[in-house]
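Remarks on the structure that follows.
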Amino acid sequence: MRNSGYRVIALTAAIGAAAAVLALTTHRDSATDVAPAPTPAAGTGVADPSSTPATNAGAATSGATPSWPAGSIVITGSNGDGVTVLDPTGAARQDIHGTDPVTVLVPAGGTAHAGSIQLADQTTGQVSTADPAGGTTAQSTIGGSPIRGAAAGDGTPREGHTIWLDAASGSAVILDPTGAVQSVVKVGSNPAQVIIAPAGTPRAGTAYVLSQGNGEVERGSVTVIPPTGQPQQITTAVNPTAMAIAQPGTPAAGTIYVAGSGDGTLTIIDPADNSTSQLTGFTQPSVLLAAPTGTPAAGTLYLVDGAAIRILDAHGQPIRTITDDHSPTYLAVAPAGSPLAGTVYVGHAAGADVTAITADTFTVSSIRAGTRPSRLAVAPAGTPTAGTLYTANFVDNTISVIPPGHTTGDTIPVADHPSTIQIVPTA
């Protein structure tokens, strides 16, 4: 390993006392088995009525998933209040949710639910599928505060499944392809993100749940939930804020990366045995992105670290550092097959610009958007506007639509304080 400029703590599978050698310390991080919830009783889907609020009330039967036009733009207002869908050009608008806080999942391409828009009501805990005709189809009630969701990719053991995080109970709720609750798994405190390993990675179908913990009282963790077998909880960092996975066909495919904002670390989880290594010496790592397969810098990591964007190789070693003093808050990448594939865009909580970083030479340029463009999305290949950058401008109550290679674009009025923006992929 070449000199990185960071202190490295390697955590191996060796059992026993850790041995410190200058800046290199070798031991295995504590990883505890987490018992899965009991199998739901027939006809109920409730793993344990005393501790898991998930039920199958209104669970959908199997059938065709309503499909929205590829390239549709899905926007939520502040705190998830109100959901608006625009057609790919932004000309036609459809409101699909009222004012109750809601979490929106737009499954990625290559999943059984691609083309759908799924809603999880944070007041009732009910998950439903929004129909382009204006209706919704109820699936299951999963808990008191669903905050994140993910859909399993095709070709994995969990194909057709979705997983939602319930902050109220600190659980991951796994729904089968019909929308019924299959199981409920207890995870760490304050779950914040879930990733399901795609086909082509060593642990395809395995779910990784990032929990932020409670500061020094309870460090953050990643709960590893395989399609079969026991879940495992791995302690990671103080206040981890983001997680990413190396995509298939890239160096270190399937490797999990965790940004530890509270202690300035980057934790790397090896999919072969869930052993971890940790890089220290960062300022305040908060946002992570792993460049996807089919782009010039595939496997490269982009890490928001305070007022800098750190570009790292697949092992966390530094390639380039870019200063960014506009409060960087979000990263998005132009997908493979789209114009400017691999270009990384940086959203900001201050100013009215987005930073663009090319994938081949890491050249930096500025794109004009609206005020506080803090959330971004790039239209994937196969959609009518492939490669187009969309920014959610929190202060202006608009989104910006910026074609590939342009330095500015049109703005479209949307809901008050847009807080998320997603693009419907090809089904």
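Being more than 24 Å from Met243 (Cβ to Cβ), modelled with pLDDT of 90 or more and not charged (D, E, K, R) is a condition met by no residue of region 143-161. Within the option set Ala108, Ala138, Ala168, being in a loop (DSSP other than H, G, I, E, B), among the hydrophobic types (A, V, I, L, M, F, W, C) and farther than 29 Å from Asn214 by Cα holds for one residue only, Ala108.
List pairs: first in region 307-319 and within 13 Å of Thr267 (Cα to Cα) and modelled with pLDDT under 95, second crowded, with 19+ Cβ neighbours inside 10 Å and charged (D, E, K, R), Cβ under 6 Å, 6+ apart or cross-chain? Correct list of pairs: empty, since none qualify. Of Pro49, Pro132, Pro53, Pro101, all but one fail to be at pLDDT 70 or above and outside any strand (DSSP E or B); the exception is Pro132. Of the strands (runs of 3 or more DSSP E) entirely within region 386-427, those holding at least 1 residues that are surrounded by fewer than 20 Cβ atoms within 10 Å (Cβ to Cβ) and touching a Ser or Thr at 6+ places or on another chain (Cβ under 8 Å) occupy 410-413, 420-423. For region 276-307, a residue qualifies if it is surrounded by fewer than 20 Cβ atoms within 10 Å (Cβ to Cβ) and β-branched (Val, Ile, Thr), and the qualifying residues are Thr280, Thr283, Thr293.
Restricting attention to region 245-275 and to residues that are part of a strand (DSSP E or B) and polar (S, T, N, Q), the residue that is surrounded by the fewest Cβ atoms within 10 Å (Cβ to Cβ) turns out to be Thr265.
Figure legend. Inter-residue proximity from region 183-201: first residues touching a residue at least 60 places away in the same chain (Cβ under 8 Å), second residues surrounded by fewer than 22 Cβ atoms within 10 Å (Cβ to Cβ) and aromatic (Phe, Trp, Tyr), beta-carbon distance below 9 Å, spacing 6+ or different chains. No pairs are indicated. Each residue in region 138-159 was checked for being closer than 19 Å to Pro248 by Cβ and surrounded by fewer than 20 Cβ atoms within 10 Å (Cβ to Cβ), and 4 of them qualify. Those residues that are free of Cβ contacts under 8 Å to residues at least 60 places away in the same chain, on the phi < 0 side of the Ramachandran plot and either within 25 Å of the chain's Cα centre (by Cα) or not in a strand (DSSP E or B) (or both), I need them from region 367-378; list them, please. Hits for region 367-378 are Ile367, Ala369, Gly370, Thr371, Pro373, Ser374, Arg375, Leu376, Val378. Taking residues in region 252-270 that are at pLDDT 95 or above, and partners anywhere that are acidic (Asp, Glu), the pairs with Cβ atoms closer than 7 Å and at least 6 places apart or on different chains are Thr255/Asp270. Using the structure shown, decide if Thr355 is at pLDDT 95 or above and assigned to a loop (DSSP other than H, G, I, E, B). Considered against the rule, which asks whether it is at pLDDT 95 or above and assigned to a loop (DSSP other than H, G, I, E, B), Thr355 comes out as no.
The values are calculated or read from the model by the stated rules, or taken from the named source; none is laboratory data. Keep in mind that what you see is a predicted model, and the values were worked out from it rather than measured. Reconstructed Cβ throughout: ideal geometry from the backbone, glycine too, with neighbour counts over all protein chains shown.
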